[in-house]
Amino acid sequence: MVLFYLALGSNLGDRIQTIDQAIARLARGGDIRPLRLSSLFETEPEGLVDRAKRFINCVLEAETALSPLSLLDSIGDVENAMGRVRPGGGAVVSRTLDLDILFYGDVIVDCERLQIPHPRMYQRRFVLAPLAELCPHRLAPPTRHTVRELLLKLDGGEKCQRVREGREWNPQEA
Ligand code: AMP
């Protein structure tokens, strides 16, 4: 089994329910075992072309025996099942659910469909703040810094407010 970290975000519909249901769905197939969920943070939407609600963001720590690409397929299935619409043309729009693989063990992946560590995660407070609750001392390649150090180095900017405390995942929820 490999330990991995998954970022979850939602800014449409019942955002908190969407996140909880997404984790239950990930667990249901049996290939993914959720372990701990960070606090939920409410954050300002950035760069969205439509009029947008604020995001709920968090990070899940989980285990899997799936390969990185199979894991990507599984999270894509859950995004689609939760009603994610992907417009053409690359426009950034509101989304019911966005799932990104942040770390997958210590494996570095750099192919067309998948890059791990996720390439933009180190600039994002809404990723680093929840991730630092789960693994503050983990090294964040290719930087030589830990997750907590990267969070402390971020400039002010985006607001990120804790709206629910983190917790162990309860398998009954699946
Ligand atoms: P989006 O859902 O808009 O954030 O983008 C999803 C696309 O990003 C997917 O089609 C993936 O092929 C690609 N991608 C690249 N690296 C990652 C990653 N670490 N986690 C999730 N998706 C990734």
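The values are calculated or read from the model by the stated rules, or taken from the named source; none is laboratory data. For clarity, every value in this text was computed on a predicted model and none was experimentally measured. Don't worry about glycine lacking a Cβ; one is built from the backbone with ideal geometry, like all the others, and counts go over all protein chains shown.
The numbered conditions (1) surrounded by fewer than 18 Cβ atoms within 10 Å (Cβ to Cβ); (2) near the ligand (Cβ under 9 Å from one of its atoms); (3) under 24 Å from Pro142 (Cα atoms); (4) at pLDDT below 95 are all true for Arg86 except (3). Checked against (1) under 17 Å from the mean Cα position of the chain (by Cα); (2) in a helix (DSSP H, G or I), Arg162 passes all but condition (2).
Taken together, the residues in region 104-150 that are without any contact (Cβ under 8 Å) to a residue 60 or more places away in the chain and not in a loop (DSSP other than H, G, I, E, B) amount to 14.
Pairs meeting the criteria (first residue in region 152-171 and polar (S, T, N, Q), second residue outside any loop (DSSP other than H, G, I, E, B), beta carbons under 6 Å, at least 6 apart or on different chains) are Gln161/Glu42. Restricting attention to region 103-124 and to residues that are near the ligand (Cβ under 7 Å from one of its atoms) and of a type in the set (A, V, I, L, M), the residue that is farthest from the chain's Cα centre (by Cα) turns out to be Leu114. Being within 14 Å of the ligand (Cβ to nearest atom) and either farther than 21 Å from Pro45 by Cβ or modelled with pLDDT under 95 (or both): is that true of Glu168 here? No, not satisfied. Checked against the criterion of being at pLDDT 95 or above and within 16 Å of the ligand (Cβ to nearest atom), the candidates Glu61, Glu46 yield just one match: Glu61.
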